[in-house]
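Engineer: For reference, the structure I am asking about is given below.
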Amino acid sequence: METIEDSVVTVEPVAPTRGRPRQFCPDQALTAALQVFWARGYEGASMAELTEAMGITKPSLYACFGNKEALFCKALDLYERDKMAYVQKALEAPSAKGVAEQFLRGALALQTGTTDPRCCLGVISAVACTTQADSIKHEVMARQASSNQAIIDRFRRAKAEGDLPEGVEPEALQSYLSAVLQGMGVQASSGASPEKLAQLVETTLALWPGR
């Protein structure tokens, strides 16, 4: 006859799950970090500000994103993907003037929005970085150089197609466009009205060489 002792089933102990599940959304946390970096620059953004905005602790930040530098690079990726989406569309415009118009109007829309800081994240971070943040400055400059080269290549194609007048050099034209875009960012962050920035866009397009 079976006894109580005979019917007892031995259960092997289950090893506890290592670590605690994340209690936050990484995408939302990264979006919040982007806003802090965008408003403050890389060096101006403290870890306390970042963790508070992201709603996480410092250990959670390190575990999910790496250190502050790695977090900034991920924020730059997000910035380029979501906020600078007009860049690729601009490069596909059928004329050099169309390229410039897409860049200028894309920047204008970004700078006159109501939810984001009004200056360029790359510009404020590159300018504000000291020698202690050389790696960040180099990262930003490398990304800007890649974007600039893509514009130069597009303008070279435009010149080869007869879309630009003789004597207009693609490199100089790219520098001019970048200077206007950066100037718009500086004016926007200094409080220039949307109307004034729009006038700058229209004046630049009116003076643009070629069709």
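The values are calculated or read from the model by the stated rules, or taken from the named source; none is laboratory data. Keep in mind it's a predicted model, so treat the numbers as computed, not measured. In this analysis, Cβ positions are derived from the backbone assuming ideal geometry, glycine residues included, and neighbour counts consider all displayed protein chains.
Engineer: Just to be sure, is Ala100 loosely packed, with under 15 Cβ neighbours inside 10 Å, among the small types (Gly, Ala, Ser) and at pLDDT 85 or above?
Structural biologist: no
Engineer: Determine whether Val127 is surrounded by fewer than 15 Cβ atoms within 10 Å (Cβ to Cβ), modelled with pLDDT under 75 and either of a type outside the set (Asp, Glu) or within 21 Å of Pro194 (Cα to Cα) (or both).
Structural biologist: Yes: the conditions hold for Val127.
Results for (1) buried (at least 16 other Cβ atoms within 10 Å of the Cβ); (2) farther than 19 Å from Ala133 by Cα, shown as yes or no for each residue.
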position: Ala29; (1), (2): yes, yes
position: Gln35; (1), (2): yes, yes
position: Trp38; (1), (2): yes, no
position: Tyr42; (1), (2): yes, no
position: Ser46; (1), (2): no, no
position: Leu61; (1), (2): yes, yes
position: Glu69; (1), (2): no, no
position: Phe72; (1), (2): yes, no
position: Arg81; (1), (2): no, yes
